[in-house]
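Shown next, in structure tokens, is the structure this report addresses.
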Ligand code: AMP
């Protein structure tokens, strides 16, 4: 017997309808590519998304056609997202920081029909245009601009298109498992691969990230997604903000610390989200300007491990609680978030801090396990110290990559993340490394992340990566690649000595190389592969 309750497909259009109906006057703040600020609200975002949906339908697109965006976090990008997915097309967010060849590869792999772009990316569009034969329309996200018209023949202008259209549009209804958006993995190994989300997976993920034990989002919040909309859909924040009726502050291209401090203070941001390298810049800028970041109650750190010194700085200097979260492009992204349980209130502040440094526990809707590194389906104990392959399954986890007929899962239906981790009995996840970043010294594993955290806890170190360098006797030994803070005189020996009471003697790195810059991936992670290529042999001479 079936239940006698209404069935409504879980569609992304329902989010924007809800935001317009119940939170229409809630502000949306957008920093534009030219540095000006647009203040709008959910009513106007919704109306423009319907205008753009009319414009897209006038282009004659068919269901599930891919419409790509190469854009910052701004209001036009937000409107176009709802228009594209809400109409039944696939919103393909492209990371502009990829190499041009990778960009061409993914535009062609996705067979994008339309490409929307911000002014910043005009040179990039000029470069890839002749290599992307499937693209039928380029749309510039702005008002008519003669330079753009000269540079890209037949380009269309977003502001012109929506001005011609009515804000009356009936969002179509369709199967909730229809594809809604597409995001490529950052491609630190091999060619990027497409993760194709559905309306249903997106809606369920949105519910999950809003929960109090996840990111704890509500209509009281002013959210600043520093994480770009092209990096796993800004971790789902543009959807979550519509679901709960929060204000969004969209930072545009200004992701430097000083610009972010200004936005936080001016618009009273309560929660900001980004990768650790962003927070490094923000903390330095706040210190310099003397800002107290008064409105900011929480910041969400993910994408790479949160260094302890960073979490301590937010807590002690700004009374800002850091939520450490873990996820991947293939997991929509939220796989775990760190919030304590009732029983933890009895712990000392030090114990709580230690627990909060872990990547947290899974929300309802996903399940985690760790397995033997040799035999990927043999499940290991959740005892907080046995480490193994981290695997995940759930409502918003990939099952196969775009265009690949083979499953991306283990024989028993789990997705192997490539991360190495422990789980404790409450499900708190602690990542020790990407499997390829672990250092194997004389048959013993050393965590590069732990050694990086120690280096970054030194007041004279701004950023540090630890890599496995080839060693004639031990196979691999850790080497620190570090950037000093301005004016620091720290020596190699002083940094090595700093490790002496923090790790076992055999885990102390063999060498420190001081550099001016560490290469980052398009999503702000340290490109350890490049560092390994450059410095992997420094112990051989
Ligand atoms: P991406 O698909 O680009 O988001 O990369 C996903 C990978 O980033 C994961 O598999 C992890 O290796 C890493 N990652 C994400 N969040 C964290 C975190 N909180 N701590 C450590 N590594 C993380």
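Derivation of every value follows stated rules applied to the coordinates shown; laboratory data play no part. Bear in mind that the values here come from a model prediction, so they are computed numbers and not experimental data. So basically every Cβ, Gly included, is an ideal-geometry build from the backbone, and we count neighbours across all protein chains shown.
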Residue-span extension gain [residue 59 to residue 7] - 0.36 nm each, minus C-alpha spacing: 15.5 nm
Cα-projected label distance for residue 126 with residue 436, points at 7 Å along beta-carbon direction, nm: 3.4 nm
Inter-centroid distance (Cα atoms) of the stretch 133-154 relative to the stretch 456-473, Å: 45 Å
Sites residue 352 and residue 18 - FRET efficiency at Förster radius 45 Å, r taken between beta-carbons, to 0.05: 0.80
The chain - Kirkwood radius from inverse mean 1/r over Cα pairs (Å): 24.3 Å
Convex hull volume per residue in cubic angstrom - Cα atoms of the stretch 183-245: 87 Å³
Separation in nanometres of the label points that stand 7 Å from Cα toward Cβ, at residue 147 and residue 373: 5.2 nm
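If you wrap a convex hull around the Cα atoms of the stretch 32-158, how much volume per residue is inside, in Å³? Please report the intermediate quantities before stating the final value.
Values: hull volume 12.4 nm³, N = 127.
Cα-based convex hull of the stretch 32-158, divided per residue, equals 98 Å³.
Percent of alpha carbon pairs in the stretch 46-99 separated by more than 19 Å? Walk me through the intermediate numbers first.
Numbers: 342 of 1431 pairs.
When all Cα pairs of the stretch 46-99 are counted, 24 percent exceed 19 Å.
Could you work out the mean projected area of the convex hull around the alpha carbons of the stretch 311-462, in square nanometres to one decimal?
Mean projected area of the Cα convex hull: 11.5 nm².
If you take the beta carbon distance between residue 491 and residue 515 as r and set R0 to 22 Å, what does 1/(1 + (r/R0)^6) give as a FRET efficiency, to the nearest 0.05? Each step should come with its number before you reach the end.
Numbers: r = 15 Å, r/R0 = 0.68.
For residue 491 and residue 515, the calculated efficiency is 0.90.
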Stretch gain in nm, segment residue 211-residue 341, where the contour uses 0.36 nm per residue and the Cα spacing is subtracted: 45.4 nm
Cβ-derived FRET efficiency at R0 25 Å, residue 400 paired with residue 136, nearest 0.05: 0.35
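If packing is taken as the mean number of other Cβ atoms within 10 Å per residue, what is the order of 146-154, 494-502, 91-99, highest first?
For the peptides 146-154, 494-502, 91-99, the packing ranking is 91-99, 494-502, 146-154.
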Crossing angle, helix 42-58 versus the chain [Cα axis fit, 0-90 degrees, rounded to tens]: 70 degrees
Base-10 log of normalised Debye intensity for the stretch 170-310 (one unit scatterer per alpha-carbon) at q = 0.11 Å⁻¹: -0.46
Acute angle (nearest 10 degrees) that the helix 100-110 long axis makes with the longest principal axis of the chain, alpha-carbon atoms: 60 degrees
The stretch 208-225-the stretch 240-260 distance, computed between alpha-carbon centres (Å): 13 Å
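In the stretch 110-211, what % of DSSP beta bridges are antiparallel (nearest 5)? Write out the running numbers ahead of the final one.
Details: 5 of 11 bridges.
Roughly 45 percent of the DSSP beta bridges within the stretch 110-211 come out antiparallel.
Report, as a whole number in µm² per second, the diffusion coefficient that Stokes-Einstein gives for the stretch 439-535 at 37 °C and 0.692 mPa s using the Kirkwood radius over alpha carbon pairs.
Details: Rh = 13.6 Å.
For these conditions, the coefficient is 242 µm²/s.
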